[in-house]
1. Please state which one of Thr141, Thr100 is surrounded by fewer than 16 Cβ atoms within 10 Å (Cβ to Cβ) and modelled with pLDDT of 85 or more.
2. Checking Leu133 against (1) surrounded by 14 or more Cβ atoms within 10 Å (Cβ to Cβ); (2) over 26 Å from Ala112 (Cβ atoms); (3) of a type in the set (A, V, I, L, M, F, W, C): exactly one of these is not met. Which one?
3. Tell me, which residue of segment 413-442 that is more than 15 Å from Thr256 (Cβ to Cβ) and part of a helix (DSSP H, G or I) is modelled with the highest pLDDT?
4. Specify which of the listed residues (Leu263, Leu226, Leu231, Leu201) is among the aliphatic types (A, V, I, L, M), within 25 Å of Tyr20 (Cβ to Cβ) and either surrounded by fewer than 24 Cβ atoms within 10 Å (Cβ to Cβ) or in the same structural domain as Val477 (by TED's automatic domain parsing) (or both).
5. For the subset of segment 443-482 comprising residues that are in a loop (DSSP other than H, G, I, E, B) and touching a helix residue (DSSP H, G or I) at 6+ places or on another chain (Cβ under 7 Å), which member is surrounded by the most Cβ atoms within 10 Å (Cβ to Cβ)?
6. What residue, of Arg316, Arg401, is under 24 Å from Tyr266 (Cα atoms), surrounded by fewer than 16 Cβ atoms within 10 Å (Cβ to Cβ), under 18 Å from the mean Cα position of the chain (by Cα) and of a type outside the set (A, V, I, L, M, F, W, C)?
7. Looking only at helices (runs of 4 or more DSSP H) that lie completely in segment 277-352, which have at least 1 residues being under 21 Å from Glu203 (Cα atoms) and either out of contact with any His (no Cβ under 8 Å at 6 or more places or on another chain) or of a type in the set (Asp, Glu) (or both)?
8. Name the residue that is farthest from the chain's Cα centre (by Cα), counting only residues in segment 188-198 that are on the phi < 0 side of the Ramachandran plot and crowded, with 24+ Cβ neighbours inside 10 Å.
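The values are calculated or read from the model by the stated rules, or taken from the named source; none is laboratory data. Only a predicted model underlies this, so the values are computations on that prediction, with no experimental measurement involved. Glycine also receives a Cβ, built like all others from the backbone with ideal geometry; neighbour counts cover every protein chain displayed.
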Amino acid sequence: MVFSSHLFLFYFLPFSLVVYYLLSGASLRLRNLWLVITGYVFYGWAEPRFIVLMFVTTTFDWLLSLVIARDRWKFWQDPSPVQLVPAPTADSPASRTRRTALLLSIISNLAALGFFKYFNFGLESWNQLAAALGITSAAWTQTLHVVLPLGISFYTFQALSYIIDVYRGEAEAMENFTDFSCFVSMFPHLVAGPILKFSFLAEQLKSRTHSLDKFGRGAAFFLLGLSKKILLANPCGKIADLAFDSSTRGVAEAWTGITAYALQIYFDFSGYSDMAIGLGLCFGFVFARNFNEPYRAVSLTDFWRRWHISLSSWLRDYLYIPLGGNRLGELRTAFNLFLTMLIGGLWHGASWNFILWGALHGAGLALERFAFKKAPEVRFPVFLSRCWTLAVVLIGWVFFRAATLPDALQYLGSMFPFLRPHEAGEILGGVFHQPYLLFQFAAAVGFAVFGTQTWEWTQKLGWGKAAVILGLGLLAVVALLTQDYNPFIYFIF
C-alpha cells in the first residue's frame, strides 16, 4: 500500500484517523497499540508473510535492549525500572554481557537485511565471475529467489539506532513492548522514512499533544506532498523513462532525461517525506525534516546536508564518526568519507550501479575536503560551485536510474560526445515537446530551484494558503484517479 493510492486515501487513512481519535478518552498506550495494528496491516497488505519477519526482529531487539539497560541477563527477576545506563568503561562481566547483546542485535539485523537484500545480487555476481574465469563448475544453481520485503532498509536502520543509543546511554530502553513496536511499525514512516532516531521519538511515544493547529498543518503537509508526487514527480518520470528506454537519444535528450529523473526522484521522495511528516502531525508526532532545497547546494557536502537528511545523519552518527570521523588525519578522513558513502550506496540497492553511485559521491566529498583544506582561501563563485555540484549529482543519478552498468555507461556516452549522437534523436525530442510534459517539467524546475519549502510555507496557515492547498490536493486526487502511471522510487529500497 502506498500513500498515493485510492485505497489508502479513501479507506485506510480515514478509518485509521477516526478510530485513533475515538480513543481520545483512552490511555496513550492504547492509541499506540492502534498505531501498531494499523502499521502491521499497512505493511502486510501486499505480502502478509513479511509481518512475521518484522515482528520477530522487533521482539528480539526489544529483549536485547532490556538486557543492555538492566545490565544483567535475568532482567525479568529485577522489579526496578529501566534506567539510563552509561556506556561501560570496564571489562566486567556486566560490560561483556551488554556488548554481547549489542553485537547480537547488530548481527541479526544486518543478517536479515543482507539476506533479503543482497542474496540474489551476491549469487549472480559469483556466477558471473565464475563464467568470466571459465570455471562454470563453481557456479551455484539458484533454486531460491529471495523477495525483498518493503521498507526493510528503513526499519532496520531505525532499530539499530535504538539499540546503539541504549548501549551508549543516550536513550532509555523502552520497557513497554507496545510503545517500542509503535516506534518501529508506525505506518507514516515505516516503508520509506524519514529514518528517525529513537531518542527523537522516545518522549513523544510516552506523551504528545493533539491540537487542531497541529492536525491542520499535518493535513497541509500531506496534501502538498501528494501534489508534489502526482503533479510534478510523475510527469518528470515519464520524460525520464522515455530517455532511458530509448536507443535513439541525442545529447540534448540525454541531459533532458537525466534532469527529469533528478526532478522525479526529488519530488517523489520529498513528496513522500512531506506526506509522512504530515501524517505524523495528524497523529500527534513531530518528525524530523528530511529535505531542504538540495538542488541549491553549493558543494557535495552541502548537498548531503540537504538531501535525505535522516539517512545522511544516520550514516554520520553510526558509521562515519565511529570510524574515526575527521579525527585521525586527512587520509583517514578521506577514507572514512569514501567508505561511508560506499556503504550508503549499497544500502540503496544490491547493484554495482548503486555501489558506483556511492563511490562517486564519496570520492567527491573527499576531494572537496582535501581541496578546501589545502587551499582554504580559495573560494569559487557560487554559480560555479553549484554547477560542479549539480554535474556530479546528475552523473550519479545516471547510475542510480539505469537498470545495468552497461546501460549507465551507454547513457553517459549519450550525455557526453563519447559516442556519436544518434541521428534519430530528434524523434525522441519531438516526444518530449508535448505541451503538458513541458509545462510540468518547467514547473518542477521552478519549484526545485526557487520554490518555498513545505516546512517553512506551512509554519503559518491562513485562508488563502488553505485554499491553495485544497485546490492543489483536489487537482492531485483527480489526476491520480485518471492516470495509470504512479511509480514510487524508494519503495524498492
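1. Step by step, each of Thr141, Thr100 is checked, and only Thr100 is surrounded by fewer than 16 Cβ atoms within 10 Å (Cβ to Cβ) and modelled with pLDDT of 85 or more.
2. Leu133 satisfies every listed condition except (1).
3. That would be Gly413.
4. Numbers: Leu263 fails: within 25 Å of Tyr20 (Cβ to Cβ); Leu231 fails: within 25 Å of Tyr20 (Cβ to Cβ); Leu201 fails: either surrounded by fewer than 24 Cβ atoms within 10 Å (Cβ to Cβ) or in the same structural domain as Val477 (by TED's automatic domain parsing) (or both).
The match here is Leu226.
5. Thr458
6. Numbers: Arg401 fails: surrounded by fewer than 16 Cβ atoms within 10 Å (Cβ to Cβ).
Matching residue, one of Arg316, Arg401: Arg316.
7. Here the list reads 309-315.
8. The initial filter retains those residues of segment 188-198 that are on the phi < 0 side of the Ramachandran plot, namely 188-192, 194-198.
Within this subset, residues satisfying the condition of being crowded, with 24+ Cβ neighbours inside 10 Å are 188-189, 191-192, 194-196, 198.
Numbers: Pro188: 13, His189: 10, Val191: 9, Ala192: 5, Pro194: 6, Ile195: 7, Leu196: 11, Phe198: 16 Å.
That would be Phe198.
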